[in-house]
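The values are calculated or read from the model by the stated rules, or taken from the named source; none is laboratory data. Here the structure is a predicted model, which means the values were calculated and not measured. In this analysis, Cβ positions are derived from the backbone assuming ideal geometry, glycine residues included, and neighbour counts consider all displayed protein chains. Note: accessible area is taken over every heavy atom of the protein model, side chains too, but ligands, DNA and RNA are not part of it. Shrake-Rupley method; radii C 1.70, N 1.55, O 1.52, S 1.80 Å.
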Amino acid sequence: QKGPQLDADGTPTVTGQVALSALITEDGARIEQGLTWRVYAARGNSPDGTPQLVATYSDANPNARLIPGEYYVNVAFGRANLTKKINIVANAQGNEVFPLNVGLLKVSAILNGRPLAAGGGQTFDVFSDERDQFGQRTKIVSAARPGMLIRLNSGLYQIVSQFGDANSTVQADLTVEPGKLTDATVVHQA
């Protein structure tokens, strides 16, 4: 965890503070664990001009002390994340709330009419609905096992379930809703 920035002589510079918190949905409960916060300077000093990482926090609700200016703050909760631009004012206390609109995905499998147990040779990949310039979806989870709970931003996804050595493959499109569990079952015939 990084703290306030220092002058060349090692003394703290003038700072402002911001209390950070994340919610499951816009009007949902506050998330109390499992968050990773990253703060980037909006105007990076890197040679390629990309924002520079200035602080990281693993607390659920950190109180960040930063030099006045603009920052990008990213909060991650599993695969769900959100980035917001914030402004820090000298000697002032601010409060920023990040509604993640996160949902859970759980995939189960049935083979020839019977539930397939974890470790039974089935894995699945999760692809986002966004497509690249070639029309291909972006893989965001690879080789997940049945029964895993995966935190995702709400939205449309495609799952590709594979049983055995390419013996049986099933694709399905689904929607992950904020604050809810999407429990999907794929049916394999092998």
Quiz prompt | Gyration tensor verdict on the chain (Cα atoms; rounded if a/c is under 1.5, prolate if a/b is larger than b/c, oblate otherwise) | solution = prolate
Practice problem: Kindly state, to the nearest 0.05, the FRET efficiency for Gln133 paired with Arg79, given R0 = 22 Å and r defined as their beta-carbon distance. | Solution: 0.45
Quiz item: For the pair Arg114 and Asp59, how long in nm is the line joining their label points, each one 7 Å along Cα→Cβ?
Solution: 5.3 nm
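Quick check on the stretch 96-171: take the gyration tensor over C-alpha atoms, sort the square-rooted eigenvalues as a ≥ b ≥ c, and tell me if it's rounded (a/c under 1.5), prolate or oblate.
Oblate is the answer for the stretch 96-171, as a/c is 1.5 or above yet b/c matches or exceeds a/b.
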Quiz item: Straight-line reach from Lys106: which aspartates and glutamates have a Cα under 16 Å away, not including same-chain ones fewer than 8 places off?
Solution: Asp125, Asp173, Glu177, Asp183
Quiz item: What is the chain's relative contact order, in percent, from Cα pairs under 8 angstrom and six or more apart in sequence?
Solution: 21 percent
Quiz item: How high is the relative contact order of the stretch 97-190, in percent, counting Cα pairs under 8 Å that sit 6 or more residues apart?
Solution: 40 percent
Quiz item: Once fully extended, how much extra length lies between Lys106 and Ala29, figured as 0.36 nm per residue of separation less the alpha-carbon to alpha-carbon distance?
Solution: 25.6 nm
Exercise. Starting from the Cα of Ala143, step 7 Å along the direction of its Cβ; do the same at Asn95; then give the gap between the two resulting points in nm.
Key: 4.6 nm
Practice problem: Work out how much length Asp48 to Asp183 would gain on full extension: take 0.36 nm times their residue separation and subtract the Cα-Cα distance, in nm to one decimal. | Solution: 44.3 nm
Quiz prompt | Accessible surface ranking that places the most exposed of Arg137, Arg151, Arg43, Arg79 first, with a 1.4 angstrom probe | solution = Arg43, Arg79, Arg151, Arg137
